[in-house]
Amino acid sequence: MIYLKEHELFTLKDLDTALQGMNEKAGAINADMKKASARMKVITGIQNAVADCQTHKAVHDKYIKIGWKIRKEAYVESHKDELTAFNKAYRILKKHGADLNVDLKALQKEYDGLRTTHADLKEQLAAVNEELKPMKDIRYWVCLLYTSPSPRDTR
């Protein structure tokens with residue numbers, strides 16, 4: 001009762017409205033967290049792909065320079081893992097609109113900013129959930145109180 005008076009929730013409609021507002025706020029924060037997390041995953045993928053391409057670039061360049069089909073096939077057999085890793089990494093870069101000349105420092109700076117934003121959003125979500133929990137508990141008990149059978153109905 002004290003909680004309801006402190007938050008000026010005098011009717012069930014007030015409680016439901018407050019619950020809906022808090023749920024929407026939590027949903028918006030959660031959506032922003034997912035967006036930041038997805039971009040962080042993309043940045044990590046680009047960074048790893050650049051590293052893989054740079055590691056296996058010499059093997060790929062040598063493969064491109066081979067002119068004879070039989071020699072190319074033999075080279076592919078002996079360097080299959082390196083060429084596969086290079087091609088996979090190159091496809092990842094193209095998928096995200098990047099290439100080997102991508103500015104890794106700028107990507108790292110963006111990643112650090114997103115990580116900070118994600119941590120801030122996580123704190124905000126924890127605060128909203130902390131505020132939301134008592135409202136949900138009260139709503140649960142109110143619903144339970146009004147939907148359970150009365151002692152007179154059980155005879």
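For Tyr146, Tyr140, what's the largest-to-smallest order of accessible area, 1.4 Å probe? Could the numbers behind the result be given before it?
Working: Tyr146 175, Tyr140 130 Å².
Greatest to least solvent exposure: Tyr146, Tyr140.
Rounded, prolate or oblate, given the Cα gyration tensor of segment 42-97, with a/c below 1.5 counting as rounded? All intermediate terms of the calculation are to be shown ahead of the outcome.
Details: a/c = 2.88, a/b = 2.58, b/c = 1.12.
Prolate is the answer for segment 42-97, as a/c is 1.5 or above and a/b outweighs b/c.
Mind listing the phi-derived Karplus ³J(HN,Hα) values for segment 94-103, rounded to whole Hz, using 6.51, -1.76 and 1.60 with θ = phi - 60°, and x for any glycine or proline?
Per residue, the Karplus-derived 3J(HN,Hα) values read 5, 4, 9, x, 10, 9, 5, 8, 5, 7 Hz.
How much mean residue ellipticity at 222 nm does the chain get from its helices, if each DSSP H run of length 4 or more adds -39500 (n - 2.57) and you divide by all residues, to the nearest 500 deg cm²/dmol?
-29500 deg cm²/dmol
Keeping the other protein chains in place, figure out the carbon and sulfur percent of the accessible area of the chain, with a 1.4 Å probe.
56 percent
Pick out, in residue order, every one of the chymotrypsin sites (Phe, Trp or Tyr not before Pro) in segment 24-105 that is DSSP loop and has at most 12 other C-beta atoms within 10 Å; say none if there are none.
Numbers: sites: Tyr63, Trp68, Tyr75, Phe86, Tyr90; in loops: Trp68.
In loop regions of segment 24-105 (DSSP not H, G, I, E or B), the sparsely surrounded chymotrypsin sites (Phe, Trp or Tyr not before Pro) are Trp68.
Calculated from the structure, Kirkwood radius over Cα pairs in Å equals which of (i) 15.8; (ii) 20.8; (iii) 18.6?
Answer by label: (ii).
Over the chain, what is the relative contact order in percent, taking alpha-carbon pairs closer than 8 angstrom and at least six residues apart?
Numbers: 82 pairs, mean separation 57.0, N = 155.
Value for the chain: 37 percent.
For His79 and Tyr140, compute 0.36 nm times the residue count separating them, minus their Cα-Cα distance, and round to one decimal in nm.
Details: separation 61, 0.36 × 61 = 21.96 nm, distance 6.33 nm.
Gain in length upon complete extension: 15.6 nm.
May I ask you to derive the FRET efficiency for Leu19 and Thr117 from their Cβ-Cβ distance with R0 = 30 Å, giving the value to the nearest 0.05? Working shown, then result.
Values: r = 27 Å, r/R0 = 0.89.
FRET efficiency, Leu19 to Thr117: 0.65.
The values are calculated or read from the model by the stated rules, or taken from the named source; none is laboratory data. This structure is a prediction, so every number in the text was calculated from the model and none was measured. Note: ideal-geometry Cβ built from the backbone for every residue, glycine included; neighbour counts use all protein chains shown. Calculation scope for accessible area: heavy atoms of the full protein, side chains included, ligands and nucleic acids excluded. Shrake-Rupley method; radii C 1.70, N 1.55, O 1.52, S 1.80 Å.
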